[in-house]
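Below: one structure, written as structure tokens.
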Amino acid sequence: MQTFSCLRRSGDDAHTLKRIGALALLLFIYEPLTTIYIFLPPLLGLLAWRSLCPKPWERTVTILYFYIYEIDHSLPFMTLLATLLLYHLAVRQLFRYLACRLCIMGLSVALFYLILMGVMLFYRQIFSIDLPIDPNFFLLYTILDLVILYAL
């Protein structure tokens with residue numbers, strides 16, 4: 001009987017269900033809207049920041065969102081996943097040298113979009129394909145992602 005008395009509920013179930021619902025709405029409703037309206041930010045930087053979370057289901061939803069975004073926007077294969085890999089390597093170094101959490105959040109979102117633009121330019125050179133690389137949109141997406149990230 002001693003072992004059963006130590007079992008407790010975490011009390012975090014409602015919060016987890018809300019978070020799963022928000023990510024499902026983001027995945028199935030918001031992402032298709034970004035293909036229709038180009039001025040809607042795709043929230044890639046925000047999801048890249050959330051991919052650093054230790055919860056495996058959030059990382060899985062983030063990778064699924066990136067994959068669906070890549071297909072819907074007809075980006076070359078593995079563009080966003082390669083960007084995410086390089087982003088994780090760069091942010092680990094950023095964590096090592098900065099202690100301010102707000103600074104890390106802002107720099108990491110900007111860094112994600114810079115890495116994404118670099119990967120897209122690299123793919124454009126290697127495969128000689130025309131990719132929609134507009135620095136103004138990258139700047140707009142970075143600013144809107146930062147506003148949303150700091151508002152949360």
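Laboratory data are not the source of any read-out in this text; all were calculated from the coordinates shown. Given the structure is predicted, the values throughout are model-derived calculations rather than measurements. Methodologically, a virtual Cβ is constructed for each residue, glycine included, from the backbone with ideal geometry; neighbour enumeration extends over all protein chains shown.
What's the magnitude of the charge dipole for the chain around its Cα centre, counting Lys and Arg as +1 and Asp and Glu as -1 at the beta-carbon? Answer in Debye, nearest 20. Kindly include the intermediate steps, with their values, before the conclusion.
Details: 11 positive and 9 negative charges, 145 e Å.
Using only the charged Cβ atoms, the result is roughly 700 debye.
Just to be sure I follow the definition: excluding the sites themselves, where is the longest run in the chain that has none of the trypsin sites (Lys or Arg not before Pro) in a DSSP loop with at most 12 other Cβ atoms within 10 Å? Walk me through the intermediate numbers first.
Details: sites that count: Arg8, Arg9.
With trypsin sites (Lys or Arg not before Pro) excluded where exposed in loops, the chain gives 10-152 as its longest stretch.
Across 5 Å bins from the origin, how do the percents of Cα pairs in the chain run, short distances first?
For the chain, the pair-distance distribution reads 2, 8, 16, 21, 20, 13, 8, 4, 3, 2, 1, 1, 0, 0.
Using r as the Cβ-Cβ distance of Ile143 and Asp13, and R0 as 41 Å, what FRET efficiency do you calculate, to the nearest 0.05? Could the numbers behind the result be given before it?
Working: r = 35 Å, r/R0 = 0.86.
That gives a FRET efficiency of 0.70.
Count neighbours as other Cβ atoms within 10 Å of each site's Cβ, and list the chymotrypsin sites (Phe, Trp or Tyr not before Pro) in segment 46-152 that are DSSP loop with at most 15 such neighbours.
Details: sites: Trp49, Trp57, Tyr65, Phe66, Tyr67, Tyr69, Phe77, Tyr87, Phe95, Tyr97, Phe112, Tyr113, Phe122, Tyr123, Phe127, Phe137, Phe138, Tyr141, Tyr150; in loops: Phe77.
The qualifying sites are Phe77.
Please find, in a Gaussian network model of the chain (springs between Cα atoms separated by less than 10 Å), the residue of Ala110, Ala24, Ala14 whose mean-square fluctuation is greatest.
Evaluated over the chain, the most mobile residue of the options is Ala14.
Using Cα atoms only, what is the angle between the long axis of helix 13-25 and the major principal axis of the chain, expressed in degrees (0 to 90) to the nearest 10?
Tilt of helix 13-25: around 20 degrees.
Ranking His88, His15 by Cβ neighbours within 10 Å, fewest first, what do you get? Numbers along the way, then the final one.
Numbers: His88 13, His15 10.
So the residues, fewest neighbours to most, are His15, His88.
Taking 0.36 nm per residue of sequence separation and subtracting the Cα-Cα distance, how much length would be gained by fully extending the chain between Ile133 and Ile63, in nm to one decimal?
Details: separation 70, 0.36 × 70 = 25.20 nm, distance 2.18 nm.
Gain in length upon complete extension: 23.0 nm.
Taking 0.36 nm per intervening residue step and subtracting the Cα-Cα distance, what contour gain separates Ala24 from Ile36 on full extension? Intermediate values should be presented prior to the final figure.
Numbers: separation 12, 0.36 × 12 = 4.32 nm, distance 1.89 nm.
Using 0.36 nm per residue and subtracting the Cα-Cα distance, I get 2.4 nm.
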